[in-house]
Amino acid sequence: MPASQAAIRLEHVSRHYTMGEAVIRAVDDVSLDLPSGEFLALLGSSGSGKSTLLNLIAGLDRPTSGSVIANNQDLSKVSSLELARYRRQTVGMVFQSFNLLPRMTLEENVELPLRLAEVDRSDRPARVREALERVGLGKRVTHRPSELSGGEQQRAAIARALVNRPKILLADEPTGNLDSATGESILALLKEIQKNPGMTIVMVTHERPLAERFANRLAIMGDGKLLSNGASR
Amino acid sequence: MKSRDLSDLALRNLREAILRNSLTTLGIAVGVASLVAMVSLGAGLQQLASKRLSQSGLFDSVFVTPKMNLRGMGREAAPAPSDKPPRLLDEAARQEISRLPNVIEVFPQVRFFTEVRYDGKPYATMVAGMPESSKASGSFDGMQGSFFSSAGANETILQSEFAKELSPQTSTLIGKELVLRYAERQSLPSNAPNSSVPTSPNSESLPGGFSVVPKEMHLRIVGVVDTEPASGFGGFGNGRLLIPLQVALTLRAAQVNDLRDIVRGTSSTPTFASLTVRAKGPAYVEALEVSIKNMGFGAFSLLDASKSLTTFFKVLDILLGIFGSLALFVATLGIVNTLVMAVLERRREIGVLKALGAADGDVKQLFFVEAGVMGLFGGILGVFLGWLIGRALNFGTNFYLHRRELPSVEISSVPWWLVLFAIGFAIAVSLAAGLYPASRAARLNPVEALRYE
C-alpha cells in the first residue's frame, strides 16, 4: 500500500506517564497503518490504552516517542497551533458522554466548530442545518441537549464532529451510554458516514459483537500493546 | 476565532453565571467609584482654588516698582553686571510698558490715607483707585448696589467693614453722598518757591518742591462690597473706600513717594509708587516679568506661588488617587477569584473547545475578553457611582454653606479625562487580573479536562 493511501500511520508510538516513581506505559510501541476509507474498531478492556491511542490520533495528546502521521504531517513534531488546526480541520471527535455544551441549543453546539474555524457567518446556518439533517435532527435545532434522548444527543455530537467536513472521525465509546438498540442505530449512522469518499473512522469500544457487525477492521489492545492489528475484512 | 465570535461566547459565558459575574462587576464599580470620587474631589478643589485665585487678579499681574525702591533708601547695593540702570517709574515708562506684547493694561496704584465726612462726622480711612477692568475680575460679584457708572464718575464703593462704621444698615447708604477731604499736591513754580497759590497743571515739569492744599470732593455711594478688591499687594494697606482710578489720579492727592522724590531730588516729574501690569493670561506673566526687569524696573509676580500651588494639587490628586485605587485593587482580587472559579467550573467545556480545535490562544482570549467586559461595565457603572458620590459631597457641602449663609461652591468635579481614564483603568486592571486565570485555562490539558466530571 503506498504511503499516500494511509490516512493514519503510527510508527512505534509510546505514551508513558510517570506517577511518582512508577512509569505507566499506557501505549507501548504501537505501529499501525490505516488506509483512507477504513472503519477501524479498537477493542480492549479498560486500561488497555485504547483511549490514549485515540487521543494521540486526535492530536489531543503527544506521544512520548514514535510518530503519529495523519494528513501527511507528523503530529509529534508540529506546533501546538498546528495541532489545534489539525483538530479543527482534519478530525472530528465523538465521545461516550456526548460532551454537548448544556446551555447551548443543538444549532449553537454544532456551530461551535465553525466559529473556531472562522467560517463566514453567512455560510454557517446552511452548514449547521445540513449536518443536523444528515443525522436526522433537522426538526430539533432549537432544542437544548437536556431535552433530547441519549441517542439524539449522540447524533447531535456526530453532527458537530462532521460540520467542518473532516477526513477522520474518531469515536470514543460512542455507544457506551446508550441502550443496545440505540447503540446499533448510532453505529449504522457511522457506517453510513463511512461511505463518504475518503472518510476514515476509528472507534474505541469494548462491545465486540457490535464492532464485528459494523467495522471493517478490528484491532485489539492489551496493556498498551497492540495484540492484533486485524486484517481488512 | 474572530473577535465577534469571541465576544459572543464571552458575553454568553458571563450571562450564564449572571449573579456571580454581576457581583464581581459591582466590586469593580465600587472600586472605580471610590477612585473617581477621590480624584474628582481633588480636581474640584483645584478648580475652586484656581478660580478664586484668578478672580483675585493676582496671577495674571506683574507688579512694577522703581528699582531703587526695592533696595531701600540710602543704601547703594552693587548692581549685578547684567542689570540695566534703574529708571524712574513715570508716565513715559507706563506708556512703554503698555506697549509690550500681551499687556492688557497698565495702571498705577493710587492709595492714600485721608478723612471722610459723612452725616457731619469725620472718619479716617484708606482710599484706593480701582481700574475699570476690576469690574470683570469677579471681586465685585455679589456686591450691594452697582459698579461705577463710568470711569470718571464721582462715585464710590465702600468696603462693607467701613460701611458698617458709617451706618449699621449698609444698604441704606447707597445713593447717599459723602465728602472726601484730601491733600492735593501742587508743584511750586521755581520762581515762587514758597508760594501756596494753586498753579496751572503744566507748571509741574518745573523743578522744585510742592505744596499740599486741603481739598474736598463730594462722592455718591453706589455700592457696598464684602470682599477686599484692593487688598494687599504693593500697597500700603487695604483700600476701604474705592473710587474710579481715573478720578483718583485727577485728585493728585499726596502720596508717600512724593516726599521721597523731593528728598532725593532725582526728578521733577511725578512718579508712580508702583504700577500694576495685567497680562492676557497667567501664561504670559513670566516673559512679561523678564521684559520689565530688562527695562530697568523691579518686577514681581505671584507666578511662583501659583506654580507651587499647582504642584501641591498634583500631589493631592495622586494621593487621593492612590487611596481610591485601593478599593479597585481589592476588586481585582474579586476578578481573579471569579475567573479562577470559572476555569475550574468550565474545565470540561474548555476540554471540549480544545477537542473541537480551539487553540490555547483562543481559550486565553475568551477568558481575557470576559475579564475585559467585566472591567468595561464595572468602569462605566463606577464612573456613574463616583459622580453620584461627588454630587452628594457637593450637596452636603452646599447645604452646610447655605445654612451659614455662605456662597455655594463646587468641591467635586468629574472632567472628561477622568471618565475616560477611570474606564480605561478599570479595563486595564481587569485584564491584568484576567492574566493568570486565562493562562491557566489555556494550559489545561484537554485529555484531563475531558475526563473531568
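Things to note:
- Residue selected from the range A:79-93 under the condition part of a strand (DSSP E or B) and more than 7 Å from chain B (Cβ to nearest Cβ), by the criterion nearest to A:GLY59 (Cα to Cα): A:VAL91
- A single entry from B:ALA230, B:ALA273 fulfils the requirement of being at pLDDT below 60, part of a loop (DSSP other than H, G, I, E, B) and surrounded by 19 or more Cβ atoms within 10 Å (Cβ to Cβ): B:ALA230.
- Any hit, the range B:372-382, residues being free of Cβ contacts under 8 Å to residues at least 24 places away in the same chain and of a type outside the set (Gly, Ala, Ser): no
- Subset of the range B:97-123 (residues that are of a type in the set (Val, Ile, Thr) and at pLDDT 80 or above): B:ILE97, B:VAL103, B:ILE104, B:VAL106, B:THR114, B:VAL116
- The range A:94-112 - residue that is closer than 20 Å to A:LEU170 by Cβ and of a type outside the set (A, V, I, L, M, F, W, C) and, of those, nearest to the other protein chains (Cβ to nearest Cβ): A:ASN99
- Yes/no for B:SER408 being among the hydroxyl-bearing types (Ser, Thr, Tyr) and either touching a residue at least 40 places away in the same chain (Cβ under 8 Å) or not assigned by TED's automatic domain parsing to the domain that holds B:ALA37 (or both): no
- Among the candidates B:VAL222, B:VAL247, B:VAL256, residue that is modelled with pLDDT under 80 and not assigned by TED's automatic domain parsing to the domain that holds B:GLN95: B:VAL256
- Considering only residues in the range B:408-453 that are in a loop (DSSP other than H, G, I, E, B), touching a helix residue (DSSP H, G or I) at 6+ places or on another chain (Cβ under 7 Å) and among the polar types (S, T, N, Q), the one that is farthest from the other protein chains (Cβ to nearest Cβ) turns out to be B:SER408.
- The lone criterion from (1) at pLDDT 85 or above; (2) out of contact with any Gly (no Cβ under 7 Å at 6 or more places or on another chain) left unmet by B:ALA29 is number (2).
- Options A:SER31, A:SER122, A:SER45, A:SER76; residue that is more than 15 Å from the chain's Cα centre (by Cα), in a loop (DSSP other than H, G, I, E, B) and surrounded by fewer than 17 Cβ atoms within 10 Å (Cβ to Cβ): A:SER45
- Of all residues in the range A:103-119, those satisfying the criterion of being outside any helix (DSSP H, G or I) and under 10 Å from A:ARG144 (Cβ atoms) are A:ARG103, A:MET104, A:THR105.
- Checking the range A:62-73 against the condition returns a match, with at least one residue being within 12 Å of chain B (Cβ to nearest Cβ), assigned to a loop (DSSP other than H, G, I, E, B), in contact with a Lys or Arg (Cβ under 9 Å, 6 or more places away or on another chain) and on the phi < 0 side of the Ramachandran plot.
- Matching residues in the range B:322-335 - criterion: being of a type outside the set (Ser, Thr, Tyr) and buried (at least 19 other Cβ atoms within 10 Å of the Cβ): B:GLY324, B:ALA327, B:LEU328, B:ALA331, B:GLY334, B:ILE335
The values are calculated or read from the model by the stated rules, or taken from the named source; none is laboratory data. A quick note: this is a predicted structure, and the numbers were derived from the prediction, not measured. All Cβ positions, glycine included, derive from the backbone under ideal geometry; neighbour counts span all protein chains shown.
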